[in-house]
Amino acid sequence: MSDFPFADRLSTLPPYLFAAIDKAKAAVKARGVDIISLGIGDPDLPTPDFIIEALHEAAKKPVNHQYPSYIGMLEFRQAVADWYKERFTVGLDPESEIVTLIGSKEGIAHFPLAFINPGDMALVCTPNYPVYNVATNFAGGEVEYVPLVDGNDFLPDLDAISEESWKRAKMIFINYPNNPTAATAGPEFYAKLIAKARESDTIVLHDAAYTEIYYDAADKPASILEFEGGKDVAIEFHSLSKTYNMTGWRIGMAVGNPSLVKGLGKIKENCDSGAFQAVQEAGVAALKKGEPFAEQFRAIYKDRRDTVIAALQKIGIECRVPKASFYIWAKVPHGFSSTDFCTNVLEKTGVVITPGNGFGKPGEGYFRISLTVPSDRLEEAVSRISKL
Ligand SMILES: *Cc1c(COP(=O)(O)O)cnc(C)c1O
């Protein structure tokens, strides 16, 4: 059989830094150890029944068996507009400022194809969701990394980015609440970012997948579109995945500056044919009636967060108490690298945690815990680690 060479763009893929963990996990599993995985950012709770019922009804309609509109059903886009109005007091025109996505990952991955020319540069705040740099490279662009460090509350230091870089940058990728650091961003940050982006004609891509996973009503995360001038520079990617436990459904949205939404729509028109309309109808139900359920899920995550934080503090592992996201970003004990610590924990305890360096260089010295397993398993996991 011929062995066909991959296109050059696949050689731009960064080295896969989770390989050591994957290997260790397979070996530990083979020994028959009870593995507790705190590695994956995928909600363990089921999708609420009323959303499943809505899908069931919608799936019976023959009109939904045909190709959907590539930018999404107007009904779904209207529901997104209503939800943004209610949640963020942001007004959006469903016709020109919203596009339905097959999950926000799909939209983020396609977006650079519409705005990055070969040789263009994009700023990527790191440690980060890998799609940002990979999608930029696939479009022929170059990435300049902006470090997220504890000393600056895991926000990019916008003044430390040179004038020249701001001029060159086609776009900047930001993500708050952040995966993996669990950091949140406040109004001063957004105001300054918008000002910088306006001065330098830089597109702001805000990945807002975790705005609904917060722990106190006083700390509700913002949309970048809430701030003056936000719509001049930004496109925001959002998703039903994390809010309503719908990761498998593949439904999300991009909203904001009409030219940015239009560019993304042009790529999608030529790559996919939209999201299954029955899933969009279920998405409408989720956006309209999902809030009480989202409230319950937040309470569950809060309980889990408190369990893990208390246990980590007891064994002397340093970490901030997150205000949002379902992650805990903790420091590895002195004398270990991220990979060594996580591999050691896995081999000795069967607990999977994610080494921070896998998300980018400034993640070295950290590990990430995902709160997507029940409290008793979280307690068991931390208790095993504490015996190390
Ligand atoms: C989970 C996640 C998403 C959402 O992905 P979907 O494709 O909408 O399921 C987006 N960004 C980040 C950083 C995530 O962790």
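The values are calculated or read from the model by the stated rules, or taken from the named source; none is laboratory data. Source: prediction; values computed, not measured. A quick note on method: Cβ atoms are made from the backbone with ideal geometry, for glycine too, and the neighbour counts reach across all protein chains shown. Side chains included, ligands, DNA and RNA excluded: accessible areas come from the protein's heavy atoms. Shrake-Rupley method; radii C 1.70, N 1.55, O 1.52, S 1.80 Å.
Figures for the structure shown
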| item | result |
| --- | --- |
| Tally, over the stretch 264-294, of residues that are more than 20 Å from residue 54 (Cα to Cα) and not small (Gly, Ala, Ser) | 8 |
| Residue tally, condition of a type in the set (Ser, Thr, Tyr) and out of contact with any Phe, Trp or Tyr (no Cβ under 8 Å at 6 or more places or on another chain), over the stretch 294-309 | 1 |
| Candidate set: the stretch 92-112, residues that are in contact with a Lys or Arg (Cβ under 8 Å, 6 or more places away or on another chain), near the ligand (Cβ under 9 Å from one of its atoms) and open to solvent by 10 Å² or more (accessible area, probe 1.4 Å); chosen: the one nearest to residue 263 (Cα to Cα) | 106 |
| Test: residue in the stretch 298-306 that is under 27 Å from residue 174 (Cβ atoms), among the basic types (Lys, Arg) and within 16 Å of the ligand (Cβ to nearest atom) | no |
| Single residue of 24, 58, 19 found to be within 22 Å of the chain's Cα centre (by Cα) and either more than 16 Å from the ligand (Cβ to nearest atom) or of a type in the set (A, V, I, L, M) (or both) | 19 |
| The stretch 233-266: number of residues that are touching a residue at least 60 places away in the same chain (Cβ under 8 Å), assigned to a helix (DSSP H, G or I) and away from the ligand (no atom under 16 Å from the Cβ) | 7 |
| Hits in the stretch 305-321 - residues which are open to solvent by 10 Å² or more (accessible area, probe 1.4 Å) and either in a helix (DSSP H, G or I) or not β-branched (Val, Ile, Thr) (or both) | 305, 306, 307, 309, 310, 311, 313, 314, 316, 318, 319, 320 |
| Residue ID - surrounded by the fewest Cβ atoms within 10 Å (Cβ to Cβ), chosen from residues in the stretch 333-388 that are hydrophobic (A, V, I, L, M, F, W, C) and under 18 Å from residue 126 (Cα atoms) | 359 |
| Residues that are within 15 Å of the ligand (Cβ to nearest atom) and not aromatic (Phe, Trp, Tyr), drawn from the stretch 173-203 | 174, 175, 177, 178, 179, 180, 181, 182, 183, 184, 185 |
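Results for (1) in contact (Cβ under 8 Å) with a residue 40 or more places away in the chain; (2) outside any helix (DSSP H, G or I); (3) assigned by TED's automatic domain parsing to the domain that holds residue 299; (4) small (Gly, Ala, Ser), shown as yes or no for each residue.
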{"position": "339", "(1), (2), (3), (4)": "yes, no, yes, no"}
{"position": "344", "(1), (2), (3), (4)": "yes, no, yes, no"}
{"position": "347", "(1), (2), (3), (4)": "yes, no, yes, no"}
{"position": "358", "(1), (2), (3), (4)": "yes, no, yes, yes"}
{"position": "372", "(1), (2), (3), (4)": "yes, yes, yes, no"}
{"position": "381", "(1), (2), (3), (4)": "yes, no, yes, yes"}
